[in-house]
Structure formats: C-alpha cells, structure tokens
Amino acid sequence: MAIRDIITAPDPRLKEVSKPVDKVDDALRRLMDDMLETMYAAPGIGLAAIQIGVPKQVIVMDLAGEDEKPAPRYFVNPELLWVSDELATYEEGCLSVPEFYEDVARPARCRVRYLDYQGEIREQDCEGLLATCIQHEMDHLKGVLFIDHLSKLKRSIMLKKLVKAKKSQEKEPA
Ligand code: GNR
Ligand code: NI
C-alpha cells in the first residue's frame with residue numbers, strides 16, 4: 001500500500017468527470033487500498049479517486065469514531081437511486097479544499113447502488129453523516145466540490161485564498 005498525493009483546488013483535474021470501472025480486479029483493489037491509506041493518513045472520512053488524480057468512479061470511506069475499530073467502506077460505480085426531499089445541513093470540509101469548512105444543505109437521506117470491494121452489487125440506505133459523505137464523494141465523481149454549493153461570493157473568496165496558499169507553498173516547498 002502507498003500514500004498518494006492529494007490534489008488541492010484550484011486544479012483542472014478536480015473538475016474532470018470520472019469514468020465507470022469495467023471490472024473490480026486486483027489492480028482496482030490495490031487502488032482502493034492506496035486510497036484508504038491516503039485517507040487515513042490525511043486524515044479524512046472519505047476520498048474519491050480523482051482526489052489522487054485517478055478519474056475512475058471509486059470512493060473509499062470510514063465513518064468509525066477514533067476509539068472504534070476501523071470500518072472501511074468501498075463504493076465502485078455508485079448510482080443514486082433515490083434522494084429525500086428533506087434536506088440536512090452539515091459543516092463540510094474537503095481534503096482538496098484544505099482548511100475551509102462551510103455549511104452545505106443536501107438531501108438528508110438517499111439510497112445508493114454500487115459495487116463493493118469484491119465487485120458484488122449492493123444497495124445501501126444512507127442517512128446522517130453517511131448520506132452527506134456519499135453525496136460529497138459522488139459530487140467529486142462529477143467534478144463538483146462542496147464550494148460549488150456555496151454562493152458565488154463565498155466561492156470566489158475561498159478560491160482566492162486557495163490560490164494564495166498554493167503560491168506561498170511554491171516559495172517554500174515542504
Ligand atoms: O474528511 C472529510 N470530512 C467531511 C466532513 C463533512 C462532509 C464531508 C466530508 S468528506 C472529507 C474528505 C473529502 O474531501 N472527501 O472527498
Ligand atoms: Ni472532498
């Protein structure tokens with residue numbers, strides 16, 4: 001397993017639309033293992049493949065608390081089958097938008113169909129943080145970031161700060 005670099009905004013790769021996976025094979029499982037390790041190291045609760053530059057419809061997630069045992073989840077080719085009319089608001093963050101947190105309203109519940117780590121087809125009813133996180137990750141597969149759900153003004157302020165942060169990083173590389 002390997003920790004990969006996470007792409008941060010603004011970057012044109014984060015706007016790419018990810019392609020469906022043909023087959024869940026060992027190579028794809030290696031990608032999912034790397035994604036999980038990268039997500040744990042960050043640390044984050046979810047990661048879409050495009051965040052490490054791979055435009056495939058693959059998501060990893062772990063919503064277990066700090067003193068619970070790890071509970072990795074894998075979603076390949078996820079499809080939203082249903083979303084509730086009722087919305088829920090969470091303060092969201094994103095590993096590709098470091099250090100920004102804002103409230104985003106999304107459907108409170110949803111149902112997704114996907115392939116799991118073994119390539120088996122599954123359906124899952126989601127609510128709470130799981131519903132928010134799966135929708136946040138599925139947005140990444142469409143090239144959408146949580147800041148795209150905010151007002152134009154908030155988004156442009158954030159993007160300016162992100163550009164500035166990137167410029168100062170270039171001057172003093174890690
Ligand atoms: O680690 C993450 N936390 C988070 C918090 C609220 C809503 C969504 C998320 S996902 C984010 C990791 C990430 O950027 N996934 O794409
Ligand atoms: Ni994200």
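Descriptive notes on the structure:
- Within the stretch 128-153, the set of residues being in contact (Cβ under 8 Å) with a residue 60 or more places away in the chain and closer than 19 Å to Arg113 by Cβ comprises Leu130, Cys133, Ile134, His136, Glu137, Met138, His140, Leu141, Lys142.
- If you check Thr89, Thr38 for being farther than 12 Å from His140 by Cβ and buried (at least 19 other Cβ atoms within 10 Å of the Cβ), only one passes: Thr38.
- Residues being within 16 Å of ligand 1 (Cβ to nearest atom), part of a strand (DSSP E or B) and in contact with a Leu (Cβ under 7 Å, 6 or more places away or on another chain) - total across the stretch 95-118: 7
- Residue within the stretch 84-94 that is in contact (Cβ under 8 Å) with a residue 40 or more places away in the chain, part of a loop (DSSP other than H, G, I, E, B) and out of contact with any strand residue (DSSP E or B) (no Cβ under 7 Å at 6 or more places or on another chain) present: no
- Test: residue in the stretch 148-157 that is closer than 22 Å to Pro78 by Cα and modelled with pLDDT of 95 or more: yes
- Filter result for Leu81 (touching a residue at least 12 places away in the same chain (Cβ under 8 Å), part of a helix (DSSP H, G or I) and more than 12 Å from Glu137 (Cα to Cα)): no
- Between Gly65, Gly119, the distinction of being open to solvent by less than 60 Å² (accessible area, probe 1.4 Å) and closer than 18 Å to Ile45 by Cβ belongs to Gly65 only.
The values are calculated or read from the model by the stated rules, or taken from the named source; none is laboratory data. Predicted model only: the values in this text are computed from it and were never measured. Every residue, glycine as well, gets a Cβ built from its backbone with ideal geometry; the counts of neighbours run over all protein chains shown. For the accessible areas, the whole protein counts, side chains as well, though only heavy atoms, and no ligand, DNA or RNA atoms are used. Shrake-Rupley method; radii C 1.70, N 1.55, O 1.52, S 1.80 Å.
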